[in-house]
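Written below as structure tokens is the structure these notes are about.
The values are calculated or read from the model by the stated rules, or taken from the named source; none is laboratory data. In this text the structure is predicted, and so the values were computed from the model without any measurement. Every residue, glycine among them, receives a Cβ derived from its backbone with ideal geometry; neighbour counts consider all protein chains shown.
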Amino acid sequence: MKPETEAAIRAHAVTEYPRECCGLVVVDHGGDEIYFPCRNVAPPSKAGRDRRNDYFVLSKADQGAALDRGEVIAVVHSHPDWPAAPTQGDLVSCEESALPWHIVRVDGADGEVVAAELVTVHPTGYRAPLLGREFFHGVLDCYALIRDWFLQERGVVLKDFAREDGWWEGENGPDLYLEHFREAGFVPIDISQVREGDCFIMQVRSKRANHAAVYIGNGEILHHLYGRPSQRDVYGGYWAEVTRLVVRYVG
């Protein structure tokens, strides 16, 4: 990376603090490497004040403008008040992008905002563990866990769906699980027929079905609650009470 590119990244990170900055490194049509700052259009994190749960979403308009300038060769974002080491969400997203990621730490706890270490990660084939994975809505969440379970355990690629953080809140929002489970290849079944690989669609502290778990046998489910690590639980009690539907993948 050119020193001028790194300097521009650091300046952008400081300017955007305490919000995560994001941008793209581009080789323009003249062969020059430049940093193209983008808007972070992610809504504020709902997972508490822990910086590890923050995330970014590149503006689509800005991505298009960057592509007009030349070839995108890297993705950039900052970690405000948190080490530049990649999170599991960063590693998964890096794999999906098939590009290097530059992550810069920016600190402002003492009143002066300063860009610190910069770490670069590359796609290496990383997969987040099914159990104990970190939570990043839209990247590592309850539906992502189900998709990854089916890929790793069954070799099945489930359709993904765009979803904004907090889609289940408010009076008139979408009901994504109930609206799309058939499109993803699932059909309803009776709970008495449940077997490994079937999924429970649940309604957790919401007016809509906003959570799902995969049945892994022996009376246990694997699921990923908002803001918590993914975990196993015995199915029954509260989880049975909040279940709205049991579905089976049929392709």
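One table, with the values for the structure above:
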read-out	value
Options Asp68, Asp62; residue that is charged (D, E, K, R), touching a Cys at 6+ places or on another chain (Cβ under 8 Å) and either part of a helix (DSSP H, G or I) or more than 21 Å from Glu164 (Cβ to Cβ) (or both)	Asp62
Every residue from the stretch 90-115 that is part of a strand (DSSP E or B) and in contact with a helix residue (DSSP H, G or I) (Cβ under 9 Å, 6 or more places away or on another chain)	Trp101, His102, Ile103, Val104, Arg105, Val106, Val114, Ala115
Check on Val14, modelled with pLDDT of 95 or more and not in a helix (DSSP H, G or I)	no
Cross-chain or 6+ apart pairs with Cβ under 6 Å, the stretch 109-135 first and closer than 14 Å to Arg10 by Cα, then hydroxyl-bearing (Ser, Thr, Tyr)	Val113/Tyr17
Residue in the stretch 155-166 that is out of contact with any strand residue (DSSP E or B) (no Cβ under 7 Å at 6 or more places or on another chain), at pLDDT 95 or above and part of a helix (DSSP H, G or I) present	no
Pair list, Cβ < 6 Å and 6+ apart or interchain, from the stretch 80-104 residues that are touching a residue at least 60 places away in the same chain (Cβ under 8 Å) to residues that are of a type in the set (Phe, Trp, Tyr)	Pro80/Tyr17
Hits in the stretch 35-54 - residues which are crowded, with 18+ Cβ neighbours inside 10 Å and modelled with pLDDT of 75 or more	Tyr35, Phe36, Pro37, Cys38, Asn40, Ala42
Filter result (of a type in the set (A, V, I, L, M, F, W, C) and closer than 15 Å to Ala85 by Cβ) within the stretch 114-127	Ala116, Leu118, Val119, Val121
Filter result for Ala66 (loosely packed, with under 15 Cβ neighbours inside 10 Å, at pLDDT 95 or above and not basic (Lys, Arg))	no
Residue, nearest to the chain's Cα centre (by Cα), within the stretch 223-243, restricted to residues that are surrounded by fewer than 17 Cβ atoms within 10 Å (Cβ to Cβ) and part of a strand (DSSP E or B)	Gln231
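Table: residues versus (1) surrounded by fewer than 18 Cβ atoms within 10 Å (Cβ to Cβ); (2) modelled with pLDDT of 95 or more; (3) closer than 26 Å to Val92 by Cα.
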| residue | (1), (2), (3) |
| --- | --- |
| Cys142 | no, yes, yes |
| Gln152 | yes, yes, yes |
| Gly173 | yes, no, no |
| Gly185 | yes, yes, yes |
| Pro188 | yes, yes, no |
| Met202 | no, yes, yes |
| Asn210 | no, yes, yes |
| Ala213 | no, yes, yes |
| Asn218 | yes, yes, no |
